[in-house]
Every structure is written in structure tokens, then in C-alpha cells.
Amino acid sequence: MNLFSRFEAFELDVLKEVGNIGAGNAATALSRLLDKPVDMAVPKVSLLPFEEVADRVGGSEQIVIAVYLRVEGEAPGNMFFIIEEESGKRILRQLLSMYTEEPNGYSEMELSALCEIGNILAGSYLSSLADFTHLAMAPSVPAIAVDMAGAILSYGLMQYGEMGDSALLIETTFLEDHQSLEGHFFLIPDPESFDKIFRSLGVVGE
Amino acid sequence: MIQQNLVKVGMADLNIATEGAVLKTTGLGSCVGLTLYDPHRKIAGMAHVMLPSSDIARETPINLAKYADTAIPELLDRMIAAGAYLERLKAKMAGGAQMFAMSGQSDSLRIGPRNVESCTAMLSRFKIPIVSQDTGGSFGRTIEFDSVSGMLSIRSVQFGTKEI
């Protein structure tokens with residue numbers, strides 16, 4: 001069963017727009033939180049072999065901070081908000097004037113704060129997406145982990161595991177100017193969700 | 001340190017190593033890194049198992065290395081073809097973590113422990129003893145398996161490196 005070979009270029013463009021709208025709103029939310037301009041890169045939609053997914057954030061062994069949410073509702077999927085390890089400290093400093101207690105690693109309070117930030121951003125991503133598609137989508141309670149990117153992201157690929165060796169993901173990178181705070185959004189819709197997304201946007205395949 | 005010949009095992013992949021090569025797989029989360037070793041012939045094998053059972057597979061042809069119930073027989077075949085003896089093989093395992101503790105655990109979120117259970121059941125079917133394992137927890141692991149010593153070295157962010 002090869003679900004994705006039949007995706008047309010314009011369908012990928014539709015998914016890019018999905019990423020654009022979702023992440024655009026999230027970037028606005030982040031910009032308001034930090035009271036600083038936040039730039040966003042053009043979203044990428046790619047069908048990536050499992051092996052290469054973690055390369056997008058610096059490789060399988062790169063240590064990252066990841067907030068994970070399961071998207072529930074009519075178009076379920078997995079969502080990750082990923083930032084580099086040092087960027088987390090920078091966000092906490094700017095946003096909450098939280099100064100590092102522990103030079104290495106994060107305290108429970110810091111992780112909880114970052115998890116909530118991820119939750120706010122992912123929530124704004126999803127709610128704009130739900131408005132756009134008229135599909136009911138709700139995030140689960142968020143979970144946070146600081147660990148190897150490969151170990152974290154593989155968690156979001158399980159739904160694809162049973163159908164092949166690659167996953168389709170919608171990726172958006174945003175940057176806060178000068179400080180080079182870099183964050184990534186990954187929306188990995190479940191394989192069954194694509195039809196619903198397309199249909200709700202009036203893109204009818206076959 | 002002598003430069004070792006490194007054989008990379010990707011996600012949902014398997015490979016064997018002889019003549020002093022080292023097998024390596026990175027970023028194991030809920031996946032299980034399973035190794036088999038023939039200490040006499042110094043033949044090592046490693047599989048990066050992603051899912052517990054091929055019953056749910058909807059792909060054709062299926063990737064044998066991905067599922068616990070197909071990866072272990074395939075790895076055995078490859079090792080026996082390379083000269084290993086089934087009766088001498090010993091297994092080690094690492095991984096099978098639960099990366100995110102979520103409330104309302106559905107079965108799909110218990111994928112790590114289920115991978116470990118399935119590998120264990122499969123090994124006992126072939127009567128291969130598990131000599132040591134480092135499984136579970138909620139953290140990622142990178143593993144290296146030395147075909148000379150049969151030592152499995154496990155590295156994680158919080159706990160550093162250990163050998164089993």
C-alpha cells in the first residue's frame with residue numbers, strides 16, 4: 001500500500017499552506033509572548049525516510065527540547081515543538097526572567113514553563129488549522145522531554161511504521177531575529193488524516 | 001583508541017558484523033536494539049526493531065527488520081549464513097523506553113514495553129538466552145556492539161555510558 005506516491009504537487013502545496021497558516025499563528029503567538037519580532041521560514045512538506053527525520057533538527061543524537069502533543073479529533077496526528085537545548089534557557093530568560101539554577105539541564109519548574117509555552121504555541125497552531133479546515137482538532141495534554149532527537153521523533157512515526165519506511169511531515173522553522181532562537185514545528189498527520197484534510201479544503205483526489 | 005570499523009544500523013534495519021567491526025544504532029526511543037552474538041566465531045548481529053508484530057503491517061513487501069517477530073528470524077538466517085551456530089547465540093537488548101508519559105495510556109503509547117515483550121517471546125521461541133538487557137525507562141539510547149568482545153555499550157543523555 002503506497003499512500004503517498006499519488007500525491008500531486010498541488011496537494012503538497014495545500015499541505016504547505018496548512019503548515020503556513022498553523023505556524024504563522026503560532027509564530028504570532030510567540031512574538032506576542034516575547035514581545036519581539038519572530039520570522040518564519042517557508043514551510044516544508046516532505047516524505048522523509050524515518051532515518052532522515054531527525055536530521056532536520058541536527059541528527060539522531062542531537063539533544064533537543066521537545067514538547068509533544070497528540071492531535072485528537074477528525075484528523076488525528078502527532079505534533080512536536082522542538083528547540084535547541086540552549087534556546088530553552090534563552091526563552092525562559094526573556095519571557096519569565098527565569099535565570100538558570102542549574103547550568104546543565106533543566107529544573108522541573110523550567111521544564112514545566114517550557115512545556116506550557118509549547119502548549120500555547122501548539123494550541124494556536126491547531127486552532128487556526130481547525131478554523132481553516134473546519135475539522136475538529138484538539139491537542140492532548142502536552143508532554144516534554146529533553147533527549148536525543150532520534151529517540152523523540154521516532155515516537156511520532158509509529159503510525160507510519162505499519163505502512164512503510166517513510167513519513168510525511170509538515171515542518172516549519174521560525175527564528176527570532178538577532179538572537180537566533182530557532183524552533184521547529186513538526187505536524188505529522190496520521191496516514192488516514194490526509195484524505196480528510198484534502199476533502200475539507202475542497203481538494204478532491206481521483 | 002584504534003579506529004574501529006563501524007557498521008551503522010538504521011531505524012527498522014538490521015546488519016551483522018565480523019572481524020572486529022562494531023555495530024551501531026543511534027537514537028533508540030521506544031524501538032529496541034537487539035543484539036545476537038556467537039562468542040566462538042565472533043559474529044555479531046544487531047536489529048533496530050520498531051514495532052512488536054508484523055500482524056499489523058499494511059505494507060508490501062514488508063520490511064522484515066522492522067517487526068520483532070520477523071526481524072529475529074531474519075537476523076538468525078543472516079548470522080547462520082555467516083557461520084554462526086544457533087545453539088551458541090546469546091542475546092542482549094536495549095531500548096524500549098516510553099519517551100513521553102501521557103495520561104490515558106492507550107495501547108499504542110505502550111509501544112516500547114510491547115516491543116521488549118515481543119522480542120523476549122521471540123528469543124525464547126528460538127531458545128536463545130538473554131544474557132543482559134537495559135530496557136524501559138523514559139530516555140533515549142545509542143548503542144554500540146563490539147564483535148570482538150561481545151560487549152554492548154549504551155549511551156544516554158542522563159546516565160552517560162555503560163556496558164552490559
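The values are calculated or read from the model by the stated rules, or taken from the named source; none is laboratory data. Source: prediction; values computed, not measured. Here Cβ is always computed from backbone atoms with ideal geometry, including for glycine, and neighbour counts include all displayed protein chains. For accessibility, only protein heavy atoms count, side chains too; no ligands or nucleic acids. Shrake-Rupley method; radii C 1.70, N 1.55, O 1.52, S 1.80 Å.
With respect to chain B, whose longest principal axis is taken over its alpha-carbon atoms, helix B:68-81 is tilted by about 10°.
With θ taken as phi - 60° and the Karplus curve 6.51 cos²θ - 1.76 cosθ + 1.60 applied, the whole-hertz 3J(HN,Hα) list for the stretch B:157-164 is 5, 7, 10, x, 10, 9, 10, 10 Hz, x standing for glycine and proline. Tell me, what does the Kirkwood hydrodynamic radius of chain A come to in angstroms if you use every pair of distinct C-alpha atoms? Averaging 1/r across every pair of different Cα atoms and inverting gives 17.2 Å. The residue list A:181, B:6, A:40 was ranked by how far each Cα lies along the charge dipole of the protein assembly as shown toward its positive end, using unit charges on Cβ atoms, and B:6 comes out on top. A Förster radius of 25 Å, combined with the Cβ-Cβ distance separating residue B:62 from residue A:72, puts the computed FRET efficiency at roughly 0.30.
Inter-chain Cβ neighbour count for B:27-35, averaged per residue, equals 5 (cutoff 10 Å, partner chain atoms only). Annotation: lysines with alpha-carbon distance below 16 angstrom to residue B:90 (same-chain offsets under eight excluded): B:42, B:127. For the stretch B:1-91, the square roots of the Cα gyration tensor eigenvalues, ordered a ≥ b ≥ c, give a/c of at least 1.5 with a/b no greater than b/c, which places it in the oblate category.
The phi-based Karplus calculation (6.51 cos²θ - 1.76 cosθ + 1.60; θ = phi - 60°) puts the 3J(HN,Hα) values of the stretch A:79-87 at 9, 10, 10, 10, 10, 5, 4, 6, 4 Hz, whole numbers, x for Gly and Pro. What's the FRET efficiency of residue B:19 with residue B:110 using the Cβ-Cβ distance as r and R₀ = 56 Å, to the nearest 0.05? For residue B:19 and residue B:110, the calculated efficiency is 0.90. Charging the Cβ of each Asp and Glu at -1 and of each Lys and Arg at +1, and nothing else, the dipole of the protein assembly as shown about its Cα centre rounds to 1000 debye. The Cβ shell under 14 Å around residue A:16 holds other residues with a net charge of -4, Lys and Arg each +1, Asp and Glu each -1.
With the largest listed first and rounded to whole Å, the semi-axes of the equivalent ellipsoid of the stretch A:65-133 from the Cα gyration tensor are 28, 12, 9. Beyond 29 Å, the tail of the calculated P(r) for the protein assembly as shown holds 43 percent of the Cα pairs. Please work out whether chain B counts as rounded, prolate or oblate from its C-alpha gyration tensor, where a ≥ b ≥ c are the square roots of the eigenvalues and a/c under 1.5 means rounded, while otherwise a/b larger than b/c means prolate and anything else oblate? Oblate shape, in that a/c is at least 1.5 and b/c is the bigger or equal ratio.
The phi torsions of the stretch B:25-35, fed into the Karplus equation with coefficients 6.51, -1.76 and 1.60 and a -60° offset, translate into couplings of 9, 10, x, 6, x, 7, 5, 10, x, 10, 10 Hz, rounded to whole numbers, with Gly and Pro shown as x.
Rounded to the nearest 10 degrees, the angle from helix A:9-34 to the longest Cα principal axis of chain A is 20 degrees. Proximity of backbone amide H atoms, modeled 1.01 Å from N, is registered between residue B:53 and B:68 at under 5 Å, excluding neighbours fewer than 5 places apart on the same chain. Estimated at 0.36 nm per residue, the fully extended path between residue A:141 and residue A:190 surpasses their Cα-Cα distance by 15.8 nm. Between residue B:163 and residue A:134, the C-beta separation translates, for a Förster distance of 56 Å, into a calculated FRET efficiency of about 0.50.
Once the Cα atoms are used to define both axes, helix B:111-125 deviates from the longest principal axis of chain B by about 40 degrees.
Note on the protein assembly as shown: dipole from Cβ charges, positive end direction compared against B:151, A:24, A:78; the farthest Cα belongs to B:151. Computed about its Cα centre, the charge dipole of chain A is approximately 460 debye, with only Lys, Arg, Asp and Glu carrying charge at their Cβ. Electrostatic tally near residue A:79: other residues with Cβ closer than 12 Å to its Cβ, Lys and Arg +1, Asp and Glu -1, net -2. In this structure the protein assembly as shown gives 42 Å² per residue of accessible area when probed at 1.4 Å with all protein chains present.
What you get for the stretch B:51-135, charging only the Cβ of Lys and Arg (+1) and of Asp and Glu (-1), is a dipole of about 200 debye around the Cα centre.
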